[in-house]
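Reviewing the structure listed below.
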Amino acid sequence: MRHLVIMAIVFGLISRVLGDICTAASYGPPYMPTRCNGNQQEQFPPGNLFVAVSEGLWDNGAACGRRYRLRCLSGNNKPCKDGTIDVKVVDYCPQSPCPSTLLMSSNAFAAISHSPKAKINVEYIQI
């Protein structure tokens, strides 16, 4: 009986993850020029909820304009806020090597994490 309870708990935790999992960190301005749309201010979505992606998601630039729904899963010192946010890819990671799979704008990162300097684990799904 105890094994059934443990299996039910594990299955419940696994089934809550619907997308892929990666690391994310915050980056600040200047955000332009970007590899997607250069110096065009209109490339940034409302609320400045956008990301730069690393090589794994960049897809030779095909990632430009893609939208992802993100949810913070974990990190040091419990940085996660509840809920999800929708972000838009506007750039290739400007740092080499890229410190995480996703570099989130300051606004996007603050929407899902209490700690602006944290490196977090996020669930993401393309929408």
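The values are calculated or read from the model by the stated rules, or taken from the named source; none is laboratory data. Note that the structure is a prediction, hence the values are computed from the model and not measured. Positions of Cβ are backbone-derived with ideal geometry, glycine not excepted, and every protein chain shown enters the neighbour counts.
Descriptive notes on the structure:
Residues checked against (1) surrounded by 14 or more Cβ atoms within 10 Å (Cβ to Cβ); (2) farther than 12 Å from Ser26 by Cβ; (3) in contact (Cβ under 8 Å) with a residue 24 or more places away in the chain; (4) among the small types (Gly, Ala, Ser):
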{"site": "Gly56", "(1), (2), (3), (4)": "no, yes, yes, yes"}
{"site": "Arg69", "(1), (2), (3), (4)": "yes, yes, yes, no"}
{"site": "Gly83", "(1), (2), (3), (4)": "no, yes, yes, yes"}
{"site": "Pro116", "(1), (2), (3), (4)": "no, no, yes, no"}
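- Boolean, Ala63 is touching a Pro at 6+ places or on another chain (Cβ under 9 Å) and either part of a loop (DSSP other than H, G, I, E, B) or buried (at least 18 other Cβ atoms within 10 Å of the Cβ) (or both): no
- Matching residues in region 76-127 - criterion: being part of a strand (DSSP E or B) and in contact with a His (Cβ under 8 Å, 6 or more places away or on another chain): Cys80
- Residue check, Arg2 farther than 15 Å from Ile125 by Cα and at pLDDT 95 or above: no
- Taken together, Pro29, Pro79 contain a single residue that is surrounded by 16 or more Cβ atoms within 10 Å (Cβ to Cβ) and either of a type in the set (Gly, Ala, Ser) or more than 14 Å from Gln126 (Cα to Cα) (or both), which is Pro79.
- Restricting region 17-52 to residues that are without any contact (Cβ under 8 Å) to a residue 40 or more places away in the chain and assigned to a helix (DSSP H, G or I), the residue that is farthest from Val90 (Cα to Cα): Pro46
- Leu73 satisfies every condition listed in (1) closer than 15 Å to Gln126 by Cα; (2) assigned to a strand (DSSP E or B); (3) aliphatic (A, V, I, L, M) except (1).
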